[in-house]
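The values are calculated or read from the model by the stated rules, or taken from the named source; none is laboratory data. Since we're looking at a predicted model, the values are computed, not measured. For neighbour counting, all protein chains shown are included, and Cβ atoms are generated from backbone atoms with ideal geometry for every residue, glycine included.
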Amino acid sequence: MKGFEYLEKELDQMRQDGVFRSLVPLETDQDAVVSIDGRRVIQLSSNNYLGLTNHPRLKLAAVRAADQFGAGTGSVRTIAGTFSMHEDFEKQLAAFKHTEAALVFQSGFTANQAVLASILTKEDVVISDELNHASIIDGIRLTKAARKIYKHVDLNSLEEALQASSGYRKRLVVTDGVFSMDGNIAPLPEIVELCEKYDALIMVDDAHASGVLGENGRGTVNHFGLDGRVHIQVGTLSKAIGVLGGYVASTKAVRDYLIHKGRPFLFSTSHPPTVTAACQEAIQVLIDEPERIERLWYNTEYFKKGLQELGFDTGKSKTPITPVMVGDEKKAHQLSDKLLQYGVFAQGIAFPTVQKGQARVRTIVTSEHTVELLDEALEAFKKAGQEIGIITE
Ligand SMILES: *Cc1c(COP(=O)(O)O)cnc(C)c1O
């Protein structure tokens, strides 16, 4: 069909620049070892931190829910698509997060869009960390509020932005809890103090901290002992929780408001029973099997140390997200390709996901990797890194 020549031209340029990427289909379930192109490879690119994607209890909950309640819901939440399990799950989530209420969205992405686009008006201002997730950036694009960006985790820059915005009705500071490309943790205690000093609202997107940090994986707010001092916590059910969805944990007023004004909530169909039932089971597994989080952190320390001992630069990571910094985009993709040859799946990440000149291979270990698998992966990193000249022998 004619008409898209202009897109093909741009795609050709991407191929020439070595930045065109194909999707990589898995032929198995998501696990520590997966099959790609008929080959066994060690998975180091998923967000399946706790191995819940294929946990027997979650699978059984999903099967039972499909059997009893069907494959779909047939409506948006606000018309005919709220099942009692949706509300039960939201109560369970709120109790888990130590908040008054919670509301579930189709994804973490839409949760951010719903909140940021709805709770602020042109009388307000949103103040955002420059490295916040794309879904926050897009959410901010949808709000009528004024916008200010502060330098990444820079408290002076944040304070300047707060001081410069005293004329607005409400100031909302928004930050990732754990930054998805570098694996560093936001300095939340200091951010919360600044927000309290300037009477600003604070919102934390805990997508990469849910299931990872805090008691039983309650997130960064709980990790830092800040329960009750963060106005809005956004989380995802798609990463460590192992299923799909996003949520806002906050006050009852925020929940009620989002039910009326959160456009993804109003205009997109609710989660099928399989998803909700599996999520309910996942929260219970977090409580019943804390050893998964212990194994995750053991593996994190082990693998990070192993990479550093080989001479790799792992940036400022403090969490299971461990980047191997390369710099040049082509080289990062080369490293990723070589790793795949040696049986390790670790994706290269380049501009626009990270800044130009900061390309990297990003790894995420899970609780399900054995030490033997991690050693095998480190051996592959050693060979590939030496061949490309990122580390010396
Ligand atoms: C992954 C991620 C999201 C999106 O979550 P989904 O449930 O996958 O849509 C939002 N915010 C951050 C910080 C993320 O890392």
Report task. Would you be able to say whether some residue in the stretch 361-384 is in contact with a Lys or Arg (Cβ under 6 Å, 6 or more places away or on another chain) and part of a helix (DSSP H, G or I)? Result -> yes
Query raised in the report: So how many residues does the stretch 1-39 have that are assigned to a loop (DSSP other than H, G, I, E, B) and either more than 24 Å from the chain's Cα centre (by Cα) or surrounded by 10 or more Cβ atoms within 10 Å (Cβ to Cβ) (or both)?
Result: 19
Query raised in the report: Got at least one residue in the stretch 71-90 being touching an Asp or Glu at 6+ places or on another chain (Cβ under 8 Å), in a loop (DSSP other than H, G, I, E, B) and surrounded by fewer than 22 Cβ atoms within 10 Å (Cβ to Cβ)?
Result: no
Report task. Tell me which of these L93 doesn't satisfy, since it passes every other one: (1) exposed (fewer than 15 other Cβ atoms within 10 Å of the Cβ); (2) modelled with pLDDT of 95 or more. Result -> (1)
Query - Cross-chain or 6+ apart pairs with Cβ under 6 Å, the stretch 223-249 first and in the same structural domain as A207 (by TED's automatic domain parsing), then within 7 Å of the ligand (Cβ to nearest atom) and of a type in the set (D, E, K, R) - result: V234/D205
Query raised in the report: Looking at this structure, is D176 among the acidic types (D, E), within 16 Å of the ligand (Cβ to nearest atom) and out of contact with any Gly (no Cβ under 8 Å at 6 or more places or on another chain)?
Result: yes
Report summary line: Counted residues in the stretch 366-390 being farther than 19 Å from V326 by Cβ and of a type in the set (A, V, I, L, M, F, W, C) come to 3
Query raised in the report: In the list K316, K356, which residue meets the criterion of being part of a loop (DSSP other than H, G, I, E, B), touching an Asp or Glu at 6+ places or on another chain (Cβ under 6 Å) and surrounded by fewer than 17 Cβ atoms within 10 Å (Cβ to Cβ)?
Result: K316
Report task. Would you point out which residue out of A134, A145, A114 is away from the ligand (no atom under 16 Å from the Cβ) and among the hydrophobic types (A, V, I, L, M, F, W, C)? Result -> A145
Report task. Would you point out which residue out of I127, I119 is touching a helix residue (DSSP H, G or I) at 6+ places or on another chain (Cβ under 7 Å), away from the ligand (no atom under 14 Å from the Cβ) and closer than 15 Å to Q233 by Cα? Result -> I119
**Report entry** Extreme residue, farthest from Q284 (Cα to Cα), among residues of the stretch 220-248 that are among the β-branched types (V, I, T) and within 10 Å of the ligand (Cβ to nearest atom)
**Finding:** V234
Query raised in the report: Can you spot a residue in the stretch 265-282 that is over 30 Å from R64 (Cα atoms) and either under 16 Å from the mean Cα position of the chain (by Cα) or modelled with pLDDT of 95 or more (or both)?
Result: no
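Condition check ((1) closer than 30 Å to T363 by Cα; (2) in contact with a Pro (Cβ under 6 Å, 6 or more places away or on another chain); (3) assigned by TED's automatic domain parsing to the domain that holds E368) across all residues:
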{"residue": "V24", "(1), (2), (3)": "yes, no, yes"}
{"residue": "D37", "(1), (2), (3)": "yes, no, yes"}
{"residue": "S75", "(1), (2), (3)": "no, no, no"}
{"residue": "K97", "(1), (2), (3)": "yes, no, no"}
Query raised in the report: When the stretch 91-111 is examined, which residues are found to be farther than 19 Å from H208 by Cα, of a type in the set (A, V, I, L, M, F, W, C) and in a helix (DSSP H, G or I)?
Result: A95
Report task. Restricting attention to the stretch 197-219, report how many residues are away from the ligand (no atom under 11 Å from the Cβ), buried (at least 18 other Cβ atoms within 10 Å of the Cβ) and within 27 Å of N299 (Cβ to Cβ). Result -> 7
Query - Unmet criterion (only one of (1) of a type in the set (A, V, I, L, M); (2) surrounded by 24 or more Cβ atoms within 10 Å (Cβ to Cβ); (3) free of Cβ contacts under 8 Å to residues at least 40 places away in the same chain) for V324 - result: (3)
Report task. Tally the residues that are polar (S, T, N, Q), farther than 12 Å from A249 by Cβ and more than 16 Å from the ligand (Cβ to nearest atom), restricting the search to the stretch 73-111. Result -> 5
